[in-house]
1. In whole Hz and in residue order, list the ³J(HN,Hα) couplings for the range 59-69 that follow from phi through the Karplus curve 6.51 cos²θ - 1.76 cosθ + 1.60, θ = phi - 60°; x for Gly and Pro.
2. Using a ≥ b ≥ c from the Cα gyration tensor of the range 76-211 (square roots of the eigenvalues), is it rounded, prolate or oblate, where a/c under 1.5 gives rounded and otherwise the larger of a/b and b/c decides, a/b for prolate?
3. Under 11 Å from a point placed 7 Å out from the Cα of Ala8 along the Cα-to-Cβ direction: which residues of the range 135-170 have their backbone N that close?
4. Quick check: Cα centre of the range 158-214 to Cα centre of the range 45-77, how many Å?
5. Quick one: with all protein chains in place, what share of the accessible area of the chain is carbon or sulfur, to the nearest percent (1.4 Å probe)?
6. What's the local net charge at Thr69, with K and R +1, D and E -1, over the other residues with C-beta under 10 Å away?
7. Positive end of the dipole of the chain, charges at C-beta (+1 Lys, Arg; -1 Asp, Glu), about the Cα centre: which of Val162, Gly72, Thr19 has its Cα farthest in that direction?
8. Specify whether the C-alpha gyration tensor of the range 1-65 places it in the rounded, prolate or oblate class, a ≥ b ≥ c being the square roots of the eigenvalues: rounded for a/c under 1.5, otherwise prolate if a/b is larger than b/c and oblate if not.
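The values are calculated or read from the model by the stated rules, or taken from the named source; none is laboratory data. Because the structure is predicted, anything quoted here is derived from the model rather than measured. Using ideal geometry, Cβ is built from the backbone for each residue, glycine included, and neighbour counts are taken over all protein chains shown. To get the accessible areas, we keep the full protein, side chains included, count just its heavy atoms, and leave off ligands, DNA and RNA. Shrake-Rupley method; radii C 1.70, N 1.55, O 1.52, S 1.80 Å.
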Amino acid sequence: MKAYLLDAAVARYVSDHTTAPDALLAALERETAEVAGEDATMQISFDQGRLLTMITQLMAPRVAVEVGTFTGYSSVCIARGLSGGTLHCFDVSEEWTSVARRYWHEAGLDDRVTLTIGPAADTLAAFGEQVDLAFLDADKHNYPVYYELLMDRLRPGGLILVDNTLRRGWVADPAHEEPETVRMRQFNDLVMEDPRVTVVTLPVADGMMLIRKN
Ligand SMILES: C[S@@+](CC[C@H](N)C(=O)[O-])C[C@H]1O[C@@H](n2cnc3c(N)ncnc32)[C@H](O)[C@@H]1O
């Protein structure tokens, strides 16, 4: 389990007390490790997946959006939590999302998921529907752009979930000045200063920010 912010014993305990992935998600995790090598770390962790399903069940969105689909783990978790709505996925990679498409099909989710290929700044800008729930997990330097595009489309009471906001905890350590960490710190501060939202930062996996539009 990806638990950068917990010591090993606590991470094991959390893992042991979170419902394990089913066979389909376990197979997707294995296949991603085989085809993506080091890039497989881009996949969300299974506890985060369980959380995404649960939040989706609680929110019951009509329109959910995912920016950054990769091989499909998070999209399967979100789509499985839907009760009648649609998940709209955005990614630039035909290659990675071809794996996702296969798993959507195997999971019986074809009728609940759409995929648009292209830079998300463009495809999101062209997206005309009001959004109830969004999961943001793509190129981090564009998070401020995606955030504004999503806020324009989010209904009051809607939720944006943002992954990797703690960057292994480095955002909290001023000694970490690498550009990616500085940019994430700036993004986190930008959200915190936005009077339109209420924010919770969870130390799950690599850090996930829950942003509710007031
Ligand atoms: C961290 S991975 C997403 C992991 C995925 N949520 C999961 O659980 O498996 C990031 C994804 O963002 C996509 N991406 C990168 N730049 C993008 C852009 N400009 N527009 C849309 N997607 C982009 C990549 O192709 C990659 O699949």
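1. Result, ordered by residue: 7, 6, x, 7, 10, 10, 10, 10, 9, x, 9 Hz.
2. Note, shape of the range 76-211 comes out prolate.
3. Label zone hits: none.
4. For the range 158-214 versus the range 45-77, the Cα centre distance is 18 Å.
5. That share works out to 54 percent.
6. -2
7. Farthest along the dipole direction, towards plus: Thr19.
8. Oblate is the answer for the range 1-65, as a/c is 1.5 or above yet b/c matches or exceeds a/b.
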